[in-house]
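Derivation of every value follows stated rules applied to the coordinates shown; laboratory data play no part. For clarity, every value in this text was computed on a predicted model and none was experimentally measured. With ideal geometry, Cβ positions are generated from the backbone for all residues, glycine too; neighbour counts draw on all protein chains shown.
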Amino acid sequence: MILDFIISKYNFWLYVIIMMIGLYAMLAKRNLVKKLIGMNIFQTAIILFYVSIGVKKGNVNVPIIVGSHGHESQIIHAADYLNPLPHVLMLTAIVVSIATTGVALAVLIQIYRRYHTLDEDEIIQIKQSRQETGV
Amino acid sequence: MTQHFPALIIVIPLLAAILTPLIGPLNRRLCYPWLVLSIGLTGCLAIALMAQVIMSGPISYNMGNWAPPWGIEYRIDQLNALLMVLITGAGFLGSIYSGPSFAKELPDQLTTATTLYLLMICGLLGIVITGDLFNIFVFLEIASLSGYGLLACGSPDAPLATFRYIIMGTIGASCYLLGVGYLYISTGSLNLADLHNLLPGLYHSRVILTAGALMLIGISLKMALFPLHAWLPEAYYEAPSAVSGVVAPLYTKVGGYLMIRIMYNLFEPRFFTEIVPLTSLLSWVAIIALLIGSIYAIAQKDLKKMLCYSVIAQVGYIVLGIALANRAGFTSSILTMINEVCTKSCIFLATGAIIYRIGNSRIDNLQHLFRRMPYTMLAFTIGAFSMIGVPPTCGFFSKLYLLFGCIAGGHWTFIAALLISTILNVIYFFRVIKVACFEDPKPDYGRTEAYPEIEVEEVPAAMLIPILIAASSIVITGLGSHWIVANLINPMIPVGF
């Protein structure tokens, strides 16, 4: 009974598990790079969710229009093709996620140059000792 | 030509941002006029669009000529026309101010900062203009990414604060995206107006409920609503002056705009007031936000950090107005946004000017400032009065409507909380004004020669003029608040309030 419930919606279970792994990394890891990777996993889980909702089982096509461009071309019935829209949306979301990672990595380089470490506890210690000495 | 204004208002800053890296290397001095020119042009378009909306009602623009439920629709009504004018207005003032400010704080990154500044304005305008939920996500990330870049340019500690903001902001955007996905699998549509018609039949579905919750949590993270505010003070405090003078007034308000859109335009008001009674929870969160924000603001020793906490308190006012779910509350939330954009750009730019002259913004170091920088401090005082809610500033009218909203809803405890928070506002602003106006620096007993005369040393005109314009806009929007309510807010009040 429960197994059927899990198997029938396995794509949702998978994306939730991956998402929670990402969330765990962001919350629990003290290393900033690991936090960043966790953030990336979090975003990827949502991308997988979107991609999986476009899937249909059975005899379905990829193209929406059959025949070449022109008079013979014909739009096929909506039930007979995979929904391409979530996939197209995710192309944009992948670009967004890569850009975010890029910006975050650049910021991490700046952090490393200032503190010479990427461990959050150490950075907080260094910051506090610098504030006390007024540097 | 006129019918393509909705597309041009996005295209001009985007194109200008792309061209900046080509212009910058030719001559770095060209960056500044280029920035002011392109944002000024965008501002003219925003004003033209607002005039058009006031005269002939909402505009719908089909991007690429694809009909709405399938293509991306740019839909401009009174609310986002107003926000576009506010965004370009604050962006324009910030761009004038950025000339001397960037030259002092980021002399090596002038081209990059200009590019990011233009992208940020493009992203913010895109969020408010578009009527497509996925498009909102894309523009939200354009605005956030350019914001991260600009904030990280600040002081040496800025990258660390920005990294926290990146993590929190990305979780927020991802939650929003997930919510949009849930709406899409239940309805097959991404268009806001289309979804508004499709959703009522599904209001009792748990998927829709989850979608609404995820989207609201995502937006709350982006707008720094109370328990999710931890990233904001550090990130805004460490930023360059010209950047915090634009980011602080705009980002949280655009979040407030999205909250209004989701709660009352995507869903019908009855979904969040009756089916899922979230508004009562949200109003308590808002009350805590505005009290905690003010209390933290009092505890700060640094002027700029105090203002960052004041931003968090103001988010509470906006959300309280939204969550009251009545006519006066809705009016007050939009008036608070207008007030916040004018006031926060005035106060943050004035604080930037103080940092430009003194080097830091510790409250202990502000003595004699009224004599040294009279115009800046005059603008600061007007801004402080507006935050407190002294008539005839805009802040008075937004608080008045908020009180009317609480009375109409019968929430007497909220009225008490609002009055307490007003007193807290008075405390933390007058502490600054007291030091700047009445106190003398600590006497130096070993000194034998006379103290030098205090001279007026104002900041350059390019920094002073935006501050004064922002200060006068506070009074103008206050005096014109009747016109704003009648022409821009009343047509937007959701059905059923």
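See the values below:
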| read-out | value |
| --- | --- |
| Angle in degrees between helix B:5-23 and the longest Cα principal axis of chain B, rounded to the nearest 10 | 50 degrees |
| Part-to-part distance (alpha-carbon centres) for the stretch B:134-186 and the stretch B:282-314, which is given in Å | 22 Å |
| The stretch B:319-391: C-alpha gyration tensor shape, a/c 1.5 cut-off, then a/b vs b/c | prolate |
| Given chain B, longest segment not containing exposed loop GluC sites (Glu not before Pro) (DSSP; at most 12 other Cβ within 10 Å) | B:1-448 |
| 0 to 90° range, to nearest 10: angle between helix B:158-187 axis and chain B longest Cα axis | 10 degrees |
| Spin-label zone in the stretch B:309-324 - amide nitrogen under 18 Å from a point set 7 Å from the Cα of A:LYS127 along the C-beta vector | B:309 |
| Length gained when the stretch B:SER280-B:ASN487 is fully extended (0.36 nm per residue, less Cα-Cα span) | 71.6 nm |
| Cα-based convex hull, the stretch B:262-314, per residue volume (Å³, whole number) | 63 Å³ |
| Per-residue [θ]222 nm for chain B (sum of -39500 (n - 2.57) over DSSP H runs n ≥ 4, rounded to 500) | -24500 deg cm²/dmol |
| Computed [θ] at 222 nm, deg cm²/dmol, chain A (DSSP H ≥ 4; -39,500 (n - 2.57); rounded to nearest 500) | -23500 deg cm²/dmol |
| Cα pair count fraction exceeding 43 Å, expressed as % - chain B | 12 percent |
| The stretch A:71-121, Cα convex hull volume normalised per residue, Å³ | 105 Å³ |
| Between 0 and 90°, nearest 10: helix B:78-105 axis offset from chain B longest Cα axis | 30 degrees |
| Full-extension gain in nm, A:ALA106 to A:ILE17, via 0.36 nm per residue minus C-alpha separation | 29.2 nm |
| Listed residue pairs exceeding 19 Å between alpha carbons, taken from B:LYS305/B:LYS344; A:LYS127/B:LYS305; B:LYS305/B:LYS399; B:LYS253/B:LYS344; A:LYS34/B:LYS222; B:LYS344/B:LYS399 | B:LYS305/B:LYS399; A:LYS34/B:LYS222 |
| Cα principal axis extents for the protein assembly as shown, largest first, Å | 96, 56, 54 |
| Inverse of mean 1/r across different Cα pairs in the stretch A:1-113, Kirkwood, Å | 16.9 Å |
